[in-house]
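Novice: Let me begin by handing over the structure; questions about it come next.
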Amino acid sequence: MEPVAGADKVTASNKIILPNDKKVYIHCLIGLAIMAIFWFIAPIEPITPVGMKVVGAFLGMVYLWSAVGSLWPSLLGLMVMAFSGYAGQGAAGFKAVFLNAFGADVVLLTLFAMVLFGAMDEAGCTKYIARWLLTRKIINGRPYAFMGVVWFTCYVISTLVSPITGLILMWPITGRIMDTLGVERRDRIWPYFFVGMFAIMTLGQPFFPFMGAQLIVVSAFGSMTGVPVDMTPVPYVPYMALNFIMTMLLMATYIAVLKFILRPDVSKLKGVDADQLAKEQPLPPMVWPQKMMLIMIPFYLIMLLMPSFLSKSNPVVNLLATLGPLGVTIVWIIFFCIIRYQGKEVLNFKEVAYRQFNWGIFFMIAAAVYGANALSNEATGVTGFLLKTLNPILGGQSEMTFVAIMFTVALIITNFANNAAMAVVLMPVILAFCGQMGLNPMPVAMGVTMMVFVAMLTPAASPHAGMMHGRTDIYKTGEILRLGFPICLVTLVYYIFIGYPLAKMLF
């Protein structure tokens, strides 16, 4: 183990405290201070005394989520809300907070969806998807077709699992391809290729509204708007269509700018050969459990979407509507647990959960959705406060100016703090002013949901952004900022002038 700079400082108890440890403790104290301040200061009308405590708990959580982590801050925030009396006094009120937070169907859906889609990754399905896409003959001798296929592959993996999985899988593959083609780090195409690869991954992350960090935002929106528990917070098809159309449009724009305006030397990429890539990326033939898991994806989506299109008088449709996303996910988990291959379960729940389950996301969803519901409750008075405070800035603005402000704020703050948390913070503002302006809040809210995942400019923007900034052999900070800033700016402009009108049509 290499020595750490500054590790020779010893406390009175003779324990070494590393600089990073000190930072963590400082962040913890700041988070606790935020909660404490709101607990003791006088209520700011129209926020109620209970509302002040809830606001302090939520803001403290948001700070700690961004600065420290998501697991224990979520528990701490829920505890503070439980002591506030929001759900009732005494032990009954305390228990009610945790029962309602962790008993929500969205929290259970998170648990089972992580296992189901994690099993697909554990089985190696993502590797076969990547290999199949990267060995299409359309890339032969076509540099921009090759880049498009690589980036689309990154998009698919990011949507199905996560950008982190996509990076871990695609970095070695693309690195070997670049070595084979003789593309070097100093070549101008290098940063355009790899920064573009990352951008498409982060844009694709929120594609599925029923999994990942985006579920936090979607569920918080549903909770604040009073969507019944037996209904999905947002229509799935319009939501996914918005993400797909906008991401593909942005990718096409990026390719067009490279090809016709920037014109980097891509001659080395003309040597791409699909057959050669197939030889260099050998994989054994797929076994039937892997094929079944890949076939599961379209069937899973069909089962989720059928109740939205077909009459519930049909027994099958009615059953699927009864099951909902949670029930459909559990059905597939049971199916793969029953099916066996070579004497083992196709889905070993314990093993998959051990490797694929993200406890931080799980606890954060429980705390964020419950906290969002509390903030929007009339008992706290937060909505009235937001209207009163922000009305001089947002009140009286035109629809497009309001949308532009919200999208811009979302983009800026997400590059310095936790993505989902920032979107949840903005939801009460969106709902309050959309109600005041007579606007449908869903297009604005879903646009903000997409914008908070455009997180790449700083290591604090997201876990995968931290990975990107840490790979100095691939990315240099100057290159990330030089290319990432225009990508973020174009994405913002596209979502304001194309994405928002498109969302109004879709929703």
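Novice: I need the calculated FRET efficiency for the pair Lys95 and Ser267, taking r as the beta carbon distance and R₀ as 51 Å, to the nearest 0.05.
Specialist: Numbers: r = 67 Å, r/R0 = 1.32.
That pair, Lys95 with Ser267, gives E of 0.15.
Novice: If you take the Cα Rg of segment 192-267 and divide it by 2.2 N^0.38 Å, with N the number of residues, what do you get? Don't skip to the end; give the middle numbers.
Specialist: On the way: Rg = 16.9 Å, N = 76, 2.2 N^0.38 = 11.4 Å.
Normalised Rg, Cα atoms only: 1.48.
Novice: Next question. Can you pull out the chymotrypsin sites (Phe, Trp or Tyr not before Pro) in segment 217-281 that DSSP calls coil and that have at most 12 other Cβ atoms within 10 Å?
Specialist: Answer in residue order: no site qualifies.
Novice: Still on this model: Let me know the shape class of segment 349-417, please: from the alpha-carbon gyration tensor, a ≥ b ≥ c as square roots of the eigenvalues, rounded when a/c is under 1.5, otherwise prolate if a/b is greater than b/c, or oblate.
Specialist: oblate
Novice: If the reach is capped at under 24 angstrom between alpha carbons, list the lysines near Lys23, excluding any in the same chain fewer than eight residues apart.
Specialist: The qualifying lysines are Lys9, Lys15.
Novice: Just reorder His464, His469 by solvent-accessible area, largest first, 1.4 Å probe, all chains present.
Specialist: Ranking His464, His469 by accessible area, largest first, yields His469, His464.
Novice: Need the C-alpha centroid separation for segment 400-465 versus segment 51-112, integer Å.
Specialist: Computed from Cα coordinates, the inter-centre distance equals 22 Å.
Novice: Amide H to amide H, which residues 5 or more places from Tyr341 or on other chains are under 5 Å from it, using H placed in the peptide plane?
Specialist: Val346
Novice: Shifting gears a bit: Rank these by accessible area, largest first, 1.4 Å probe: Cys28, Cys434.
Specialist: Cys28, Cys434
Novice: Using a basic spin-label model with each label point 7 Å from the Cα along Cα→Cβ, how many nm lie between Val227 and Ala353?
Specialist: 2.6 nm
Novice: What's the FRET efficiency of Arg131 with Asn20 using the Cβ-Cβ distance as r and R₀ = 41 Å, to the nearest 0.05?
Specialist: Efficiency, from the Cβ-Cβ distance: 0.60.
Novice: Determine the per residue accessible area of segment 448-493 with all protein chains present and a 1.4 angstrom probe, expressed in square angstrom.
Specialist: Value returned for segment 448-493: 37 Å² of accessible area per residue.
Novice: Here's a follow-up. Taking R0 as 45 Å, what's the FRET efficiency between Met505 and Ala379 from their Cβ-Cβ distance, rounded to 0.05?
Specialist: Details: r = 36 Å, r/R0 = 0.81.
After rounding to 0.05, the efficiency reads 0.80.
Novice: So what does Ile164 come to for accessible area, using a 1.4 Å probe and Å² rounded to 10?
Specialist: Around 60 Å² of this residue is reachable by solvent.
Novice: Additional query: What is the distance in Å between the Cα centroid of segment 282-315 and that of segment 138-208?
Specialist: 27 Å
Novice: Could I ask something else about it? Could you provide, to the nearest whole Å², the per residue accessible area of segment 113-159 with probe 1.4 Å?
Specialist: Accessible area per residue: 30 Å².
Novice: May I ask you to rank Asp179, Asp473 by accessible area, largest first, using a 1.4 Å probe over the protein chains only?
Specialist: Asp179, Asp473
Novice: Evaluate the relative contact order of the chain (contact order divided by residue number), counting alpha-carbon pairs under 8 angstrom at least 6 apart; express in whole percent.
Specialist: Averaging sequence separation for qualifying contacts and normalising by length gives 21 percent for the chain.
Novice: A further question follows. Place the peptides 403-413, 386-396, 485-495 in order of packing, highest mean first, counting for every residue the other Cβ atoms within 10 Å and averaging per peptide. It would help to have the intermediate numbers written out before the result.
Specialist: On the way: 403-413: 20.4, 386-396: 14.1, 485-495: 17.6.
The packing order, highest mean first, is 403-413, 485-495, 386-396.
Novice: Another one. With every protein chain left in place, what is the accessible area of Val107 in Å² (1.4 Å probe, nearest 10)?
Specialist: 0 Å²
Novice: So how exposed is Val80, as accessible area in Å² (1.4 Å probe, rounded to 10)?
Specialist: 20 Å²
Novice: Among (1) 23.9, 73; (2) 21.9, 68; (3) 25.5, 79, which is the computed Rg and Dmax of the Cα atoms in Å?
Specialist: Answer by label: (1).
Novice: What shape does segment 241-319 take by its C-alpha gyration tensor, where a ≥ b ≥ c are the square roots of the eigenvalues and a/c under 1.5 counts as rounded, a/b above b/c as prolate, and the rest as oblate?
Specialist: Because a/c hits 1.5 or more and a/b fails to exceed b/c, segment 241-319 counts as oblate.
Novice: Might you tell me the accessible area per residue for segment 204-325, computed with a 1.4 Å probe and given in Å²?
Specialist: Per-residue value: 48 Å².
Novice: Give me the percent of accessible area attributable to carbon and sulfur for segment 318-436, probe 1.4 angstrom. It would help to have the intermediate numbers written out before the result.
Specialist: Numbers: 3360 of 5290 Å².
Its accessible area is 63 percent carbon and sulfur atoms.
Novice: Return the calculated 222 nm mean residue ellipticity for the chain, to the nearest 500 deg cm²/dmol, obtained by summing -39500 (n - 2.57) across DSSP H runs with n ≥ 4 and dividing by the residue count.
Specialist: Details: 23 runs with 353 residues, N = 507.
It comes out at -23000 deg cm²/dmol, rounded to the nearest 500.
The values are calculated or read from the model by the stated rules, or taken from the named source; none is laboratory data. As the structure is a prediction and not an experimental result, all values here were calculated from the model. Methodologically, a virtual Cβ is constructed for each residue, glycine included, from the backbone with ideal geometry; neighbour enumeration extends over all protein chains shown. Note: areas computed on protein heavy atoms with side chains; ligands, DNA, RNA excluded. Shrake-Rupley method; radii C 1.70, N 1.55, O 1.52, S 1.80 Å.
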